[in-house]
């Protein structure tokens, strides 16, 4: 079933991009835990349209991932997760967030007081929390209400 799902995902993604008028290369592979990983990259000498696919702070990318997951899993009993990345945006964004978490921990450690980050979506907050969790003397928590929910990083007491 998985090879058929890979082919179906490839075709649907290419059709969506075609209807959007975005020339791009699509590669679908099966990752850990049978997650379908869809990588969209620019054609040689043409990165036109990739920014549109990413959207403001990745909002269009998240929407594309949701829609693709709903289409792929329609009528199926078991859900197959779909992860979409455009031009390594997610990979680079995650590294930026990890770096932000490390800098924020250094600042909180130096000031010996909590440091609050700007509001961010749940996925981005999760990346920050995971990075902080790896450091023994620091702790993080999410505070506030959506859409102004933010992460606060502080030294453990």
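FYI, it's all coordinate maths here, none of it is from the lab. The structure displayed is predicted, hence computed values, not measured ones. Heads up, the Cβs are rebuilt from the backbone with ideal geometry, glycines too, and the neighbour counts pull from every protein chain shown.
Below 8 Å, C-alpha to C-alpha, sequence gap of six or more: please give me the relative contact order for the chain in percent. Taking the mean separation of contacting Cα pairs over the length of the chain, I get 16 percent.
Projected onto planes of every orientation and averaged, the convex hull of the alpha-carbon atoms in the chain covers 11.5 nm². Exposure proxy for 56, 89, 123: other Cβ atoms within 10 Å of each Cβ, ordered fewest to most, give 56, 123, 89. The ranking of 12, 2, 40 by Cβ neighbour count inside 10 Å, starting from the fewest, reads 2, 12, 40. Among bridges DSSP assigns within the chain, what percent are antiparallel (round to 5)? Given both bridge residues lie in the chain, the antiparallel proportion sits at roughly 75 percent. If the Kirkwood radius is taken over C-alpha pairs of segment 2-87, then at 25 °C and 0.890 mPa s the Stokes-Einstein diffusion coefficient equals 187 µm²/s.
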